[in-house]
Amino acid sequence: MSDSDFRQQVSQRKQQLRAMFQNQNIDLSFMEAQIRQETLKQMVDEEVLVQSIQEAGMRIGNASLEARIHSIPAFQEEGKFSKKIYEQTLRYQAGFSTTYFEYTMRREMLTNQLREGVLRSSFLTDYDQQQRTRLEKQQRFISYLIVPASRFNDSVTISDVEIEAYYKEHATQYRTAEKVSIEYVELSQADLISAESVDEDTLKALYQERKASFTTPEQWKARHILIKAGKADELDVAKKKAQEVLVKIRAGDSFDDLAQEFSDDTGSKKNGGNLDWFGPGTMVKPFEDAVKGMKVGDVSELVKSKFGFHIIELLDLKPEIVRPYAEVRKQLEEEVQSEQVQAVFEGQFEQFGNLAFENPNSLEVLTETLNLKSKSTGLFDKTGGDQKDQHPILSNSQVIEAAFGDDVLKEGYNSEPIQIEEQHVLVLRLKDHEAAKAKPIDEVKEDIVAAIKREKTLVEAQSLAQTLLDNLKQDGEINLKSYDLSWSQTQWIEREDSTLKQPAIAREVFKMGRPSENKAIYQEIQLDNGDYALVALLDVKDGVVSPKTVLSAEENKTEKNDEAQSKKIKEQQQALGSSEFSNLLSGLKTGAEIKTYLKPPSEI
């Protein structure tokens, strides 16, 4: 795996996180190290799996790969795969070549095959189901007391020496934001205006080619009575019956009543045989041919189709309408000009990227060769700041990443082409750089005092919690009145209890052992808000295993009212499969030779 592959994967992970947070401008620098470590682990896991699978002789054939790609909706037009859309989507939106995309797709399909095989082969025994139920539905009888850090707010003191030391130790937290300004060149199809006029002959020829798209075909509204005749020996009987109905219609009997009484078309008979408006190709050919020769109000002779014999009455019709050339001329001209502009953009896009790559130290070649204008921003930080109002491109996270990236910021190179939206790309380079600098201590003194106070009060809270715990373990009880603290009311809680105001208590209490008879277990824990608590575990009650719980998955399928239990078993089997796959991966990694060379972000 190369540095470039790693950088690309890190970038994709950031995009996924921004989509998850629904904020394309969120600054992810605070979790940069975590993102890089997780990405590296994911890439190592995938490489180990792929190599192991390939060594076992498994491959993804060209036909399978092609079928998978053709099934992706993003590459389809009107439900069918489009090679043009496929190539454009990868080039403009993802920045991939088709070769690289197909390489990654093969790897993904390989690993998915193995993963699905393990997941589907996992088997959960009745005993496993019972044990899981006992644990998952287990209840614990608890009480707790909270030692809030805030109780020590008035007792802690902070000296100027401590403030100075904290300021120096946490200098990176109290700095101005690093800022840059950039110069950039945009290529946008929206800015390309076709100056070429389109001659009339071209437009008229195009009109003739697309005439069908400007035509609203003839439509009919009718009603019918169908006498079915599915087999050869039924024809004579059906025809005789249909003829008798037709005689009644000719004699003036109600078509509506006769349809309700005799028609075999269950979809229309209740409505007196009425059909919705329909156009060419909707009905079987004999039916449509008959309607085409009728006038409004006519009742047809018997019309034979593969369904039987129809008696048709034409109720209304809408004639074919063709929009005239003069009405659509402007539309045709705009379409031709749009196609011309798109062709120009596609030609310039490739040249744009090549020129930026071949001339990494300047944007002049881009502006001069393609007759484009360069623009520049004022200084901005990693949020884009107030410069976003004047330069909307700074609302794009990829622009911010590139502006502060090493290639632009440290090496002084042009960025790679960045897609802002479809048919809109840009290349940028550094104009000016303002390094982060320390804020004066007086400016951040209040923040420092608050941080030190928080640390000290947490230490005091932990110390008191530990003292109380030690006393409990030694004497079995404590005098809480002197501390102005009290135990909560005892209660039974479940593993996924949502009633507790402190979720950390529910999480930690189920990690504790079982108390012996009449002897509680005590533990000190830190809560999610930083405060400390003591938890008393008084009793444990296992989940109840009902008869339904031990049914096999196959038996559960036969139980009409057991969908929830079947779903639960399926989830348990999936969890077991995931665990088995994780164990398989761990085993493969143990037997593999893995070397990582993860550099700090500044060195990549």
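Is the range 316-326 home to any residue that is acidic (Asp, Glu), part of a strand (DSSP E or B) and in contact with a Ser or Thr (Cβ under 8 Å, 6 or more places away or on another chain)?
The answer is no, given that none of the residues of the range 316-326 is acidic (Asp, Glu), part of a strand (DSSP E or B) and in contact with a Ser or Thr (Cβ under 8 Å, 6 or more places away or on another chain).
Within the range 164-183, identify whether any single residue is free of Cβ contacts under 8 Å to residues at least 60 places away in the same chain and charged (D, E, K, R), and answer yes or no. Yes - at least one qualifying residue is present in the range 164-183.
The residues of the range 149-191 that are under 13 Å from ALA450 (Cβ atoms) and either touching a Cys at 6+ places or on another chain (Cβ under 9 Å) or of a type in the set (Val, Ile, Thr) (or both), listed by number, are VAL156, ILE158, ILE163. Annotation note: Cβ proximity below 7 Å between a residue of the range 231-255 that is closer than 19 Å to LYS269 by Cα and a residue that is assigned to a loop (DSSP other than H, G, I, E, B) (sequence gap 6+ or interchain) occurs for ALA238/ALA229; LYS239/LEU302; ALA242/LEU302; GLN243/LEU302; LEU246/LEU302; PHE255/GLY272; PHE255/GLY273.
Would you confirm whether or not the range 276-288 contains a residue that is touching a His at 6+ places or on another chain (Cβ under 9 Å) and among the aromatic types (Phe, Trp, Tyr)? Within the range 276-288, one or more residues are touching a His at 6+ places or on another chain (Cβ under 9 Å) and among the aromatic types (Phe, Trp, Tyr). Within the range 492-537, the set of residues being closer than 18 Å to LEU458 by Cβ and assigned to a loop (DSSP other than H, G, I, E, B) comprises GLN502, LEU527, ASP528, ASN529, GLY530, ASP531.
Screening the candidates ARG132, ARG151 for the property of being part of a helix (DSSP H, G or I), at pLDDT below 95 and farther than 26 Å from ASN529 by Cβ yields one hit, ARG132.
For the range 34-71, the set of residues classified as among the β-branched types (Val, Ile, Thr) and either more than 15 Å from PHE101 (Cβ to Cβ) or modelled with pLDDT under 75 (or both) consists of ILE35, THR39, VAL44, VAL48, VAL50, ILE53, listed by residue number.
Just to verify a result, which residue in the range 402-419, among those that are of a type in the set (Asp, Glu) and surrounded by fewer than 18 Cβ atoms within 10 Å (Cβ to Cβ), is farthest from ASN359 (Cα to Cα)?
Ranking the qualifying residues of the range 402-419, first place goes to ASP406.
All conditions but one from (1) over 43 Å from the mean Cα position of the chain (by Cα); (2) touching a residue at least 24 places away in the same chain (Cβ under 8 Å); (3) exposed (fewer than 13 other Cβ atoms within 10 Å of the Cβ) apply to LEU472; the one that does not is (3). For ASN274, the conditions (1) of a type outside the set (A, V, I, L, M, F, W, C); (2) within 9 Å of ILE225 (Cβ to Cβ); (3) in contact with a strand residue (DSSP E or B) (Cβ under 7 Å, 6 or more places away or on another chain) are fulfilled apart from (2). Listed conditions (1) modelled with pLDDT of 90 or more; (2) in contact with a helix residue (DSSP H, G or I) (Cβ under 9 Å, 6 or more places away or on another chain); (3) hydroxyl-bearing (Ser, Thr, Tyr); (4) exposed (fewer than 11 other Cβ atoms within 10 Å of the Cβ) are all met by SER159, apart from (2).
The residues of the range 334-355 that are modelled with pLDDT of 85 or more and surrounded by 15 or more Cβ atoms within 10 Å (Cβ to Cβ), listed by number, are PHE352, LEU355. Residue check: is LEU480 modelled with pLDDT under 90, farther than 30 Å from GLY378 by Cβ and in contact with a Leu (Cβ under 9 Å, 6 or more places away or on another chain)? Judged against the criteria, LEU480 is a match.
The values are calculated or read from the model by the stated rules, or taken from the named source; none is laboratory data. Every value quoted in this text rests on a predicted model; they were computed, and no experiment measured them. Reconstructed Cβ throughout: ideal geometry from the backbone, glycine too, with neighbour counts over all protein chains shown.
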